[in-house]
1. Exactly which trypsin sites (Lys or Arg not before Pro) in the range 16-95 are in a DSSP loop and have at most 11 other Cβ atoms within 10 Å?
2. Considering only protein heavy atoms, what per residue accessible area in square angstrom results for the range 1-89 with a 1.4 angstrom probe?
3. For the pair N18 and R185, how long in nm is the line joining their label points, each one 7 Å along Cα→Cβ?
4. Answer rounded, prolate or oblate for the range 1-64, using the Cα gyration tensor with square roots of eigenvalues a ≥ b ≥ c: rounded when a/c is under 1.5, else prolate when a/b is larger than b/c, else oblate.
5. Counting GluC sites (Glu not before Pro) as exposed when in a DSSP loop with at most 16 other beta carbons within 10 Å, what is the longest stretch of the chain free of them?
6. What part of the accessible area of the chain, given as a whole %, is carbon or sulfur when the probe is 1.4 angstrom?
7. According to the square roots a ≥ b ≥ c of the eigenvalues of the Cα gyration tensor, what is the shape class of the range 38-131, taking rounded for a/c under 1.5, prolate for a/b larger than b/c otherwise, and oblate for the remainder?
8. At 1.4 Å probe size, what's the solvent-accessible area of C76? Round to the nearest 10 Å².
Amino acid sequence: MVSEVKTISGRGIPLVGNDIDTDRIIPARYLKAVTFDGLGEGAFIDDRTALKGEHPFDQPQYQGANILIVNRNFGCGSSREHAPQAIAKWGIQALIGESFAEIFFGNCVAMGIPCVTADAVTIKQLQDLVAANPQTAVTVNLETLQVQIDDRIVSVAIGEGTRSTFISGTWDACGQLVANADQVRATATKLPYVSWSNLTAS
């Protein structure tokens, strides 16, 4: 099972503001959910309610967009996995920003959602481009480390180790285990603290 993530194409959605934390992304009351299903409806729900339809996630021109363009320290606050899950359930497949909180970034990687970075001036230019023409095509290319919006191409960054796991498909830890189940079982039989009867029963 290989889940390579090399390019993400679609449309962008600008979300302006620094230090947008995980409680704003998905309020704590949603953490009672048993599964992540339906979390997309709750993404930014308190901000959206306060803005009465003016939040980008509610504006009609951004419906169906799949690349979120944010500012500094996005995803700070608690470590809740529900935050990237809510964004993903809304339809986001990649993020471009100035910087991301470390745990939020790690949770995104574990879900196959790349978070690439650029300087503040570049991010504002990208947000302005999308705001001016919400239907414009946006492509995040992890192989070239570039983002293209119409004819504008900018360089972005992501750690080389993370980048290589996306490109090779090895970001998907669960998928790797499933794909190599026979090897896992073979290794387990050599471990004195693993019961073979439990392995064969499963």
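The values are calculated or read from the model by the stated rules, or taken from the named source; none is laboratory data. Since we're looking at a predicted model, the values are computed, not measured. Counting neighbours? That spans all protein chains shown, and the Cβs are built from the backbone with ideal geometry, glycine included. Accessible surface is based on the protein model in full, side chains and every heavy atom, while ligands, DNA and RNA are left aside. Shrake-Rupley method; radii C 1.70, N 1.55, O 1.52, S 1.80 Å.
1. On the way: sites: R24, R29, K32, R48, K52, R72, R80, K89; in loops: K52, R72, R80.
Listed in order of number, the matching sites are K52.
2. Values: 4260 Å² over 89 residues.
Normalised by residue count, the accessible surface of the range 1-89 is 48 Å².
3. Computed distance between label sites N18 and R185 equals 5.5 nm.
4. Values: a/c = 1.89, a/b = 1.18, b/c = 1.60.
It comes out oblate by the Cα gyration axes.
5. Details: sites that count: E4, E54, E143.
The longest uninterrupted stretch comes out as 55-142.
6. About 53 percent, which is the carbon plus sulfur part of the accessible surface.
7. It comes out oblate by the Cα gyration axes.
8. My reading of the accessible area for C76 is about 20 Å².
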